[in-house]
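The values are calculated or read from the model by the stated rules, or taken from the named source; none is laboratory data. Remember, predicted model here, so these are calculated numbers, not experimental data. All Cβ positions, glycine included, derive from the backbone under ideal geometry; neighbour counts span all protein chains shown. The accessibility values were calculated without ligands, DNA or RNA, using every heavy atom of the protein model including side chains. Shrake-Rupley method; radii C 1.70, N 1.55, O 1.52, S 1.80 Å.
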Amino acid sequence: MLKYLVKRFFITIPTLILILLLTFILARSLPGDPITVMYGELQPPPEVREALERELGLDKPIIIQFLLHIYRMMRGDWGRSIHTGIPTFELIKEAFISTLILTMTSILIASSLGLLLSYLSITHYNTRADKVIRVFSIATFSFPVFWWGFILILVFSVYLRLLPAGGKGGIEHLVLPSITLATVNLGMITRVSRAALLEVLMQDHVILAKAKGLDTKAIMLKHVIRNALITIITIIGLRFGVLLGGAVITETVFAYPGMGKVIIDSIFSRDYPILIGGVFVASLAIMVVNIIVDLVYALLDPRVKVGG
Amino acid sequence: MGYMWCRSMPKLSKLYFIALAVVILIAVGVIYIFLRPAAPIEVVPEIEVLRISQKADLSVIDVQVATDAPTLTVFGHIYETLFRLRFTEENKPVFEPYLVESYEYVDNITIKFKLKEGVLFHDGKSLTSHDVKASFERGPRVGGLPRILLGPIAGVEVIDNLTFVIKLKYPFAPIIAHLAHPSTAIIPAWIAEVFPDKPINSTEYIIGTGPYKFIEFRKLEKTILGVFDKYWGEKPTVKRIEWIPVEEDDTRIAKLEAGDIDIATHVPPHLAGLLKGKGFNIVQIPSTRIIYIGINNERIPDPRVRQALNYAIDKNAIVSEVLEGAGRVADAPIPSVVFGYTKLTPYEYDPVKARKMLEEAGWIGREVLLIAPAGRYLKDREIAEAVQMYLQAAGLKVRIEIMEWAAYIARVTREKDFDLYLLGWSTVTLDADYGLFSLFRSGAPFNRMFYVNTEVDRLLDSARSEVDRDKRLSLYKQAQELVWSDAPWIFLHIEDIIIAMRPDLENVEIQPIERWILTYVSKRE
């Protein structure tokens, strides 16, 4: 187990470096640089620009800059935002925590409700309840996020005045964005879990268990849910990972300073240290979630051998 | 139906739902408690806090580097200048001494200033002539705006702690206007020494003499300013200002409607009427920003063609349809509030005449490249597309390239591969020199049209050193008339500023240079 973890960890390192290299090259191949953005309409004369490039280290060959950046990051120096001077690490940490809160809340709501609904849906298979749930889940995951977010703002902030219309602050600021993200993921999780449960229910071993006259509760817990969970955990894990990289649209609609907004902002302002730091943390988060999902597989399915 | 048998599976009781709800609530609470940022911001009574949402967050933290209006507006509350801009009842700009007690011209290139006594920086040190000297020496080294604004200054000579002399390189009439712009604000000398030629790199160096001191900057979340107790001037009525950047227009307006914020800037024109109907106070005034299409004079050297481009475009339609009324058609190269403005006749929309002129010059069917930014100015992309359509109708082939701002500005300033480009220019000093010299003087840094007219050069050169107001006005009149008929631009429009606020707010000072001063805002009972 431990050996497996260590091995997985070491595999992530080259992947991360590759991702960083790609980000670095892509960011640099964009026209414009931080100095251009900083001066806007009032571009500086060439000698000032050169001095600033030297100051920011932008004058060295790109590969040298990349290696230097990696070297500094490994030593714990993530640099500072070129425009605002905020230490990259602090900024990304703050944004990541914001995103983590939002992601965990919405995935928690979406997955628990999704499981419940999918279970209801199969125990009431083909009844009105099932149909309502099916339509509901299709509808929710086809909602355009920005539209749904604005509807919630209109109803709960503008008309009812119960909750703030976006921004970051107390727990009340979290309600609408979490519901927005939860709704969109809820539909997907319900659909996938329902299909997974149904598929297991039709497998021979379940039917055999039923034919043997086993207690339905035991069948459900031991055979059906346990087997279906592999698929369900996969989809939840995937969604969780994606959201950890930032939910740009939701964050924009709710003016919520999470990873998505910070990374996008750093692309537009060509703030390279922030961009690199943000992509690094987002990729790392996705990888960690994947490792956790793999470990959960092993817990659920004895055939999956960790480290095997 | 094979699946039907799953209905016989155990059903969930109501208890599950209740239990689930409780578990979710507890879990959310736990997530929140463990992950919420430490050190909650101190709570201030509601009435003392003013919350304002601009479209953009602080772009930089160095006042001398900042070029954008949202950032300079925030810094305008922290830093102060030697003079300050005020408006008379007739909406004419005047420049009052601010940090300066008195001043006198020794000769036409030497001005002697005396600073106010007892002005303190936020770090407790007194303001002295050394700070002025250090600020004016550092500014042009680090910032684009100070480079223009302080460019005519040859040097600052310190006489004593409160007295100093500014030596100009040449007689320069609008110098006082330049000393009122926030980019010429005075920073402490020690900061200029720590960062002599690079932007400051930490918010702890945001120190000025203004009514507010900097408290906290949370990127994309909020910037907090708190009142400075030892402020030399009249005591501010607002104790704390929170600047909450909200990029998305609809969210910004919803926040105002929901009561989360007191003031929303950059209100999209179609929502202004709606907000007014709901009882909010809407202020709509022309800004000092002109939006234009620069014409590459090297590629289109024939003034008839450039005039034809002006005739080809229905500026009124752009203002009323694309901008939804949030602007006015330009009737001079500079806005009307600027000193030196001369009202000229806009090129009327005449597609037939435009086509005929292009035909005579042999330009029908020629391909031109129009480049434009997306998201920098109000409806910039749509304006560029409208211009493309009008020019096509007049008989040109217009290739259009729309780019995100950073890529765009790099292209405009460093490559010369374009025929037409869309940009804006705000005459932030409210003096014609700023709006004309850097743009239309041949070889000037922002003359990206490569426009050359030696007569215009002569007029602009003599106008900036002329001290007699009437003579200056007449020189600018001639210069603008020449520029207007040479048409190095397609003159489009002046953008409007639209701001919405709670109906009970008073004394919100809104200046056409896209600055709002909130220091003395009060709430009506």
Quick one: which of A:Gly32, A:Gly79 is within 7 Å of chain B (Cβ to nearest Cβ), in contact (Cβ under 8 Å) with a residue 12 or more places away in the chain and surrounded by 17 or more Cβ atoms within 10 Å (Cβ to Cβ)?
A:Gly32
Tell me which residues, restricted to the stretch A:38-51, are open to solvent by less than 30 Å² (accessible area, probe 1.4 Å), aliphatic (A, V, I, L, M) and facing chain B (nearest Cβ under 7 Å).
A:Met38, A:Leu42
Of these, B:Asn316, B:Asn281, which one is under 30 Å from B:Tyr421 (Cα atoms) and either in contact (Cβ under 8 Å) with a residue 12 or more places away in the chain or of a type in the set (Ser, Thr, Tyr) (or both)?
B:Asn316
Taking A:Arg54, is it under 17 Å from A:Ser269 (Cβ atoms) and surrounded by fewer than 16 Cβ atoms within 10 Å (Cβ to Cβ)?
no
Name the single residue that is nearest to the chain's Cα centre (by Cα) among those in the stretch A:133-158 being over 23 Å from A:Leu243 (Cβ atoms) and within 9 Å of another protein chain (Cβ to nearest Cβ).
A:Leu154
Which residues, counting only those in the stretch A:82-94, are open to solvent by less than 40 Å² (accessible area, probe 1.4 Å), in a helix (DSSP H, G or I) and within 8 Å of another protein chain (Cβ to nearest Cβ)?
A:Leu91
Of (1) in a loop (DSSP other than H, G, I, E, B); (2) of a type in the set (Lys, Arg); (3) open to solvent by 30 Å² or more (accessible area, probe 1.4 Å), B:Lys471 satisfies all except one. Which?
(1)
Checking the condition without any contact (Cβ under 8 Å) to a residue 12 or more places away in the chain, in the same structural domain as B:Ala372 (by TED's automatic domain parsing) and not polar (S, T, N, Q), which residue from B:Lys477, B:Lys471 passes?
B:Lys471
Selection from the stretch B:373-395 of residues open to solvent by less than 20 Å² (accessible area, probe 1.4 Å) and out of contact with any Phe, Trp or Tyr (no Cβ under 7 Å at 6 or more places or on another chain) yields B:Tyr377, B:Asp380, B:Ile383, B:Ala384, B:Ala386, B:Val387, B:Leu391, B:Ala394, B:Gly395
Within the bounds of the stretch B:220-242, is there any residue that is within 14 Å of chain A (Cβ to nearest Cβ), without any contact (Cβ under 8 Å) to a residue 40 or more places away in the chain and open to solvent by 40 Å² or more (accessible area, probe 1.4 Å)?
no
Conditions (1) touching a Ser or Thr at 6+ places or on another chain (Cβ under 9 Å); (2) within 23 Å of B:Ala463 (Cα to Cα); (3) open to solvent by less than 20 Å² (accessible area, probe 1.4 Å); number of the one not met by B:Pro171
(3)
Can you tell me which condition B:Ala432 does not meet? The list is (1) closer than 13 Å to B:Pro333 by Cβ; (2) within 14 Å of chain A (Cβ to nearest Cβ); (3) touching a Gly at 6+ places or on another chain (Cβ under 6 Å), and all the others hold.
(2)
Residues in the stretch B:74-98 that are within 23 Å of B:Ile215 (Cβ to Cβ) and in contact with a helix residue (DSSP H, G or I) (Cβ under 8 Å, 6 or more places away or on another chain): how many?
4
Filtered residues of the stretch B:413-452 (kept if free of Cβ contacts under 8 Å to residues at least 60 places away in the same chain and in contact with a Phe, Trp or Tyr (Cβ under 8 Å, 6 or more places away or on another chain)):
B:Ser442, B:Ala444, B:Phe446, B:Asn447
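Here is a yes/no grid of residues against (1) part of a helix (DSSP H, G or I); (2) open to solvent by 10 Å² or more (accessible area, probe 1.4 Å); (3) within 14 Å of chain A (Cβ to nearest Cβ):
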| site | (1), (2), (3) |
| --- | --- |
| B:Phe418 | no, no, yes |
| B:Tyr421 | no, no, yes |
| B:Gly424 | no, no, yes |
| B:Phe437 | yes, yes, yes |
| B:Gly443 | no, yes, yes |
| B:Arg448 | no, yes, yes |
| B:Glu455 | yes, yes, no |
| B:Leu459 | yes, no, no |
| B:Arg464 | yes, yes, no |
Taking the stretch A:134-163 and keeping residues in contact (Cβ under 8 Å) with a residue 24 or more places away in the chain and open to solvent by less than 20 Å² (accessible area, probe 1.4 Å) leaves A:Ser137, A:Thr140, A:Gly149, A:Leu152, A:Ile153
B:Val428 versus (1) open to solvent by less than 10 Å² (accessible area, probe 1.4 Å); (2) of a type in the set (A, V, I, L, M, F, W, C); (3) part of a loop (DSSP other than H, G, I, E, B): which is the lone unmet condition?
(1)
Residues (within 7 Å of chain A (Cβ to nearest Cβ) and either modelled with pLDDT of 70 or more or assigned to a helix (DSSP H, G or I) (or both)) located in the stretch B:24-46
B:Ile24, B:Ala27, B:Val28, B:Ile31, B:Tyr32, B:Leu35
Counting only residues that are farther than 15 Å from A:Ala196 by Cβ and more than 11 Å from every other protein chain (Cβ to nearest Cβ), how many does the stretch A:117-132 have?
3
Matching residues, the stretch B:360-406, being basic (Lys, Arg) and over 24 Å from the mean Cα position of the chain (by Cα)
B:Arg366, B:Lys397, B:Arg399
Quickly run through the stretch B:332-342 and pick out the residues that are part of a loop (DSSP other than H, G, I, E, B) and surrounded by 19 or more Cβ atoms within 10 Å (Cβ to Cβ).
B:Ala332, B:Pro333, B:Ile334, B:Pro335, B:Val337, B:Val338, B:Gly340, B:Tyr341, B:Thr342
Scanning for something facing another protein chain (nearest Cβ under 10 Å) and aliphatic (A, V, I, L, M), does the stretch A:167-174 turn up at least one residue?
yes
Pick out the one residue from A:Gly213, A:Gly166 that is modelled with pLDDT under 90, over 23 Å from A:Ile235 (Cα atoms), open to solvent by 20 Å² or more (accessible area, probe 1.4 Å) and not polar (S, T, N, Q).
A:Gly213
Check on A:Leu284, more than 26 Å from A:Lys222 (Cα to Cα) and open to solvent by 40 Å² or more (accessible area, probe 1.4 Å):
yes
Condition first: of a type in the set (Gly, Ala, Ser), more than 15 Å from B:Arg141 (Cα to Cα) and open to solvent by 10 Å² or more (accessible area, probe 1.4 Å). Now tell me which residues in the stretch B:181-217 satisfy that.
B:Ser202
Helices (runs of 4 or more DSSP H) enclosed by the stretch B:88-203 - at least 3 residues per element that are out of contact with any Cys (no Cβ under 8 Å at 6 or more places or on another chain) and closer than 27 Å to B:Glu514 by Cα
B:129-142, B:144-149, B:175-178
Look at B:Gly124 and say whether it is open to solvent by 10 Å² or more (accessible area, probe 1.4 Å) and on the phi > 0 side of the Ramachandran plot.
yes
